[in-house]
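Participant: Once you've had a glance at the structure underneath, I'll fire off some questions.
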Amino acid sequence: KQEVTQIPAALSVPEGENLVLNCSFTDSAIYNLQWFRQDPGKGLTSLLLIQSSQREQTSGRLNASLDKSSGRSTLYIAASQPGDSATYLCAVKDDYKLSFGAGTTVTVRA
Amino acid sequence: GAVVSQHPSRVICKSGTSVKIECRSLDFQATTMFWYRQFPKQSLMLMATSNEGSKATYEQGVEKDKFLINHASLTLSTLTVTSAHPEDSSFYICSASWLRGRISDEQFFGPGTRLTVL
């Protein structure tokens with residue numbers, strides 16, 4: 001059974017600081033890994049999807065890396081802004097389903 | 001593109017009543033739809049997977065008779081919570097994907113439905 005862990009569970013930083021969010025998974029036989037953003041009481045917004053054959057994906061201030069063999073992914077958010085405050089979820093897809101981590105709740109202080 | 005909607009966004013009902021939640025893919029044909037539930041500060045847990053025109057596949061521990069799923073068309077899936085109880089109160093999220101010949105197809109998520117059972 002795939003287990004996805006996100007550390008830390010919560011993070012508070014001053015505006016402008018870079019954010020580093022970690023995700024680990026137990027079974028490396030995955031097809032892809034996806035990072036989502038969830039605002040309170042809202043659904044999921046897909047941020048980045050990394051296929052298993054890729055090492056990283058970038059979109060604007062966001063960069064996600066994937067090390068499948070070690071079961072790890074890291075989401076970097078450069079020059080954080082108060083609008084980046086949200087919960088960030090990672091999810092891995094195997095041949096059966098998406099398995100989610102519990103998320104990292106980020107607060108960016110103005 | 002790839003927009004998924006849910007209706008209603010929020011519902012409050014009395015214990016013992018049934019509630020139906022709709023999930024629609026607005027601009028694509030969803031061969032597969034997924035239903036998740038999320039408790040406060042917890043992760044999304046997959047409840048069931050449904051393919052158009054066939055019975056849903058439920059995850060272990062999910063009561064089939066309580067959570068009825070219908071995927072009657074390529075753009076609509078419904079989740080009916082029957083005889084709802086306060087412990088069914090949760091945030092329900094659907095997602096949809098379509099077969100493009102690659103198993104690693106992305107899922108697109110709806111905005112969620114907040115169910116509160118009094």
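The values are calculated or read from the model by the stated rules, or taken from the named source; none is laboratory data. It should be emphasised that the depicted structure is a prediction, and the values quoted were computed from it without experimental measurement. Cβ coordinates were reconstructed from backbone atoms using ideal geometry, including for glycine residues, and neighbour counts include every protein chain displayed. Heads up: the accessible areas ignore ligands, DNA and RNA and are worked out on the full protein's heavy atoms, side chains in. Shrake-Rupley method; radii C 1.70, N 1.55, O 1.52, S 1.80 Å.
Participant: Give the total of Lys-Lys pairs in chain B with Cα-Cα distances below 22 Å; include a pair only if its members are 8 or more places apart or on different chains. Walk me through the intermediate numbers first.
Facilitator: Working: B:K14/B:K64; B:K14/B:K66; B:K20/B:K55; B:K20/B:K64; B:K20/B:K66; B:K55/B:K64; B:K55/B:K66.
Step by step, the pairs that qualify in chain B add up to 7.
Participant: Interface B/A, total buried accessible area with a 1.4 Å probe, nearest 100 Å²?
Facilitator: On the way: alone 6700 and 5940 Å², together 11060 Å².
The contact between A and B buries close to 1600 Å².
Participant: Given the whole protein assembly as supplied and a 1.4 Å probe, what does the accessible area of A:R72 come to in Å², nearest 10?
Facilitator: 150
Participant: When Cβ neighbours within 10 Å are restricted to other protein chains, what is their mean count per residue of peptide A:94-104? Mind dumping the intermediate values first?
Facilitator: On the way: counts 1, 2, 3, 7, 9, 4, 7, 2, 4, 5, 0.
The shielding value for this peptide is 4.
Participant: What residues qualify as long-range amide H neighbours of B:S89, i.e. H under 5 Å apart, gap of 5 or more or another chain, H built at 1.01 Å from N?
Facilitator: Residues meeting the criterion, in which the H sits 1.01 Å from N, are B:V117.
Participant: Further question: In nm², what is the average projected area of the convex hull enclosing the Cα atoms of region A:1-63? Please report the intermediate quantities before stating the final value.
Facilitator: Details: hull surface 22.4 nm².
The Cα convex hull of region A:1-63, projected and averaged over all directions, gives 5.6 nm².
Participant: Still on this structure, I have one more. Using a cut-off of 13 Å between beta-carbons, work out the net charge of the residues near A:R109 (Lys and Arg +1, Asp and Glu -1, A:R109 not included).
Facilitator: Values: positive: none; negative: A:E15, A:E17, A:D84.
Charge balance near A:R109 sits at -3.
Participant: Take A:I30, B:I12 and sort them by solvent-accessible surface of the protein heavy atoms, 1.4 Å probe, largest at the top. The partial results should precede the final answer.
Facilitator: On the way: A:I30 10, B:I12 110 Å².
The most accessible residue leads, giving B:I12, A:I30.
Participant: How much net charge surrounds B:T80 when only the other residues with a Cβ under 11 Å from the Cβ of B:T80 are counted, with Lys and Arg +1 and Asp and Glu -1? Provide the component values of the computation, followed by the final result.
Facilitator: Details: positive: B:K20, B:K66; negative: B:E22, B:D65.
Once positives and negatives cancel, what remains is 0.
Participant: By per-residue mean of other Cβ atoms within 10 Å, what is the highest-first order of B:29-38, A:31-40? Before the final figure, lay out each step's value.
Facilitator: Working: B:29-38: 22.2, A:31-40: 19.1.
Descending mean neighbour count gives B:29-38, A:31-40.
Participant: Taking the Cα centroid of region A:1-38 and of region A:39-70, what is the distance between the two, rounded to the nearest whole Å?
Facilitator: Spelled out, the Cα-based centre of one part sits 9 Å from the other.
Participant: Could you give the Stokes-Einstein D for the protein assembly as shown in µm² per second, using the C-alpha Kirkwood radius, 4 °C, 1.567 mPa s? Intermediate results must be reported in sequence, preceding the final value.
Facilitator: Values: Rh = 18.2 Å.
Answer, rounded: 71 µm²/s.
Participant: Measure off, as a whole percent, the carbon and sulfur share of the 1.4 Å-probe accessible area of chain A, all protein chains present. Write down the numbers at each step before the final one.
Facilitator: Numbers: 2450 of 5170 Å².
Of the solvent-accessible surface of chain A, carbon and sulfur hold 47 percent.
Participant: To the nearest 10 square angstrom, what accessible area does A:C90 show with a 1.4 Å probe?
Facilitator: Probe radius 1.4 Å; accessible area of A:C90 about 0 Å².
Participant: Let's test the formula: R0 of 35 Å, r as the Cβ-Cβ distance of B:T57 and A:R55. What FRET efficiency results, to the nearest 0.05?
Facilitator: Working: r = 33 Å, r/R0 = 0.94.
The computed FRET efficiency comes out at 0.60.
Participant: Turning to a different aspect of this structure: Given the convex hull of the Cα atoms of chain A, what is a quarter of its surface area in nm²? Write out the running numbers ahead of the final one.
Facilitator: On the way: hull surface 25.6 nm².
That works out to 6.4 nm², a quarter of the Cα hull's surface.
Participant: From the P(r) of chain B, can you give the percent of Cα pairs sitting at distances over 23 Å? If you can, show how the numbers build up before the last one.
Facilitator: Values: 1647 of 6903 pairs.
Value for chain B (Cα pairs over 23 Å): 24 percent.
Participant: Now a separate question. Return one whole number: the accessible area per residue of chain A in Å², for a 1.4 Å probe. Don't skip to the answer; put the middle values down first.
Facilitator: Working: 5170 Å² over 110 residues.
The answer is 47 Å² per residue.
Participant: For region A:49-110, run through the chymotrypsin sites (Phe, Trp or Tyr not before Pro) and keep only the ones in DSSP coil with at most 16 other Cβ atoms within 10 Å of their Cβ.
Facilitator: Details: sites: A:Y76, A:Y88, A:Y96, A:F100; in loops: A:Y96.
Those that pass, being in a loop and sparsely packed, are A:Y96.
Participant: Quick one: net charge of A:K42's neighbours, Cβ under 14 Å, K/R +1, D/E -1? All intermediate terms of the calculation are to be shown ahead of the outcome.
Facilitator: Numbers: positive: A:R37, B:R10, B:R114; negative: A:D39.
Result for the local shell: +2.
Participant: Considering only protein heavy atoms, what is the solvent-accessible area of A:V20 at a probe of 1.4 Å, reported in Å² to the nearest 10?
Facilitator: 70
Participant: In whole Hz and in residue order, list the ³J(HN,Hα) couplings for region A:57-67 that follow from phi through the Karplus curve 6.51 cos²θ - 1.76 cosθ + 1.60, θ = phi - 60°; x for Gly and Pro.
Facilitator: 9, 10, 8, x, 7, 9, 9, 10, 10, 9, 10
Participant: In peptide A:12-21, how many Cβ atoms from other protein chains are near each Cβ within 10 Å, on average? Before the final figure, lay out each step's value.
Facilitator: Details: counts 0, 0, 0, 0, 0, 0, 0, 0, 0, 0.
Per residue, the number of nearby Cβ atoms from other chains is 0 on average.
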